[in-house]
Amino acid sequence: MATTITVWSADLIDEIDDLPSSLVVRSIRDACIRFCEQTHLYTYELNPIDVVADTQDYTLSIPATSTLIAVPDDGVYYKEDGEDDDQYAKLGCISDKITTRNESHAWKYEEGPRPSEFWVDNIDKDLHLRPIPTEASDEGLLVTVILKPILTATTVPDFLYDDYRREIASGALANLYKMKHMPWYDPDQFALHETIFMNACGDAKITKLTGATNKQLSLKIPYFV
């Protein structure tokens, strides 16, 4: 399900009168995009992907109203053809540029029965496997991606409104209050709402680590002599 961006209108109009509807939509959308970029909270598990023999590159089919931020380093799992779903094993995440610098360009042409690593290109956003698998596997890949709304989105995932309505409204108000050419320009209000928004992003990052639980994070402090 998805929430229409305009449902935030009342939260903005309560503070700033006579806002053009186009600015309401733009400021909310930009706040939603920035929230997703800051928190990586918008994750999405794709349908299983078939691995094709002798094929290295795979297009990621994501929702049309979203765009890819990244594939997390623990976001790709592989199983051999015919294996049960409990046999999915995590693939290692690599950087193509760093690997090329360390190993020469030839590594991209390695072949093997099954992949052990993956990378995602910055330009085409396709998933690439290393080594190139020489054996097919139906539904061989499970991929989780990190997304954000597209620049023309009119709807966003429900959780952004259900869980972060006021915080994203503050992000939108910060966007509006920093517009120097507008009559509602107010640097103090910008600072206030930007602080609320960024604090919410920080809290959401913790939520991403712990899930919807009250689990306490324990940080190990390194000991130096």
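The values are calculated or read from the model by the stated rules, or taken from the named source; none is laboratory data. The structure displayed is predicted, hence computed values, not measured ones. When we count neighbours, we look across all protein chains shown, and the Cβ atoms used for this are built from the backbone with ideal geometry, even at glycine.
Annotations
- Selected residue (criterion: surrounded by the fewest Cβ atoms within 10 Å (Cβ to Cβ)) from residues of segment 166-187 that are in a loop (DSSP other than H, G, I, E, B) and without any contact (Cβ under 8 Å) to a residue 12 or more places away in the chain: His181
- Subset of segment 110-122 that is in contact with a Lys or Arg (Cβ under 8 Å, 6 or more places away or on another chain) and part of a loop (DSSP other than H, G, I, E, B) - its residue that is surrounded by the most Cβ atoms within 10 Å (Cβ to Cβ): Pro115
- Val25 vs. criteria over 30 Å from Glu117 (Cα atoms), among the β-branched types (Val, Ile, Thr) and either under 19 Å from the mean Cα position of the chain (by Cα) or crowded, with 18+ Cβ neighbours inside 10 Å (or both): yes
- Filter result for the condition that a residue is surrounded by 15 or more Cβ atoms within 10 Å (Cβ to Cβ) and in the same structural domain as Leu173 (by TED's automatic domain parsing), over Trp107, Trp8: Trp8
- Looking only at segment 88-104, residues that are of a type outside the set (S, T, N, Q), surrounded by 13 or more Cβ atoms within 10 Å (Cβ to Cβ) and assigned to a helix (DSSP H, G or I) come to 1 in all.
- Taking strands (runs of 3 or more DSSP E) as the structural unit, those lying wholly within segment 1-84 and holding at least 1 residues that are within 26 Å of Tyr161 (Cβ to Cβ) and touching an Asp or Glu at 6+ places or on another chain (Cβ under 7 Å) correspond to 2-4, 66-70.
- Verdict on Glu194 being closer than 16 Å to Thr3 by Cβ, at pLDDT 90 or above and touching a helix residue (DSSP H, G or I) at 6+ places or on another chain (Cβ under 8 Å): no
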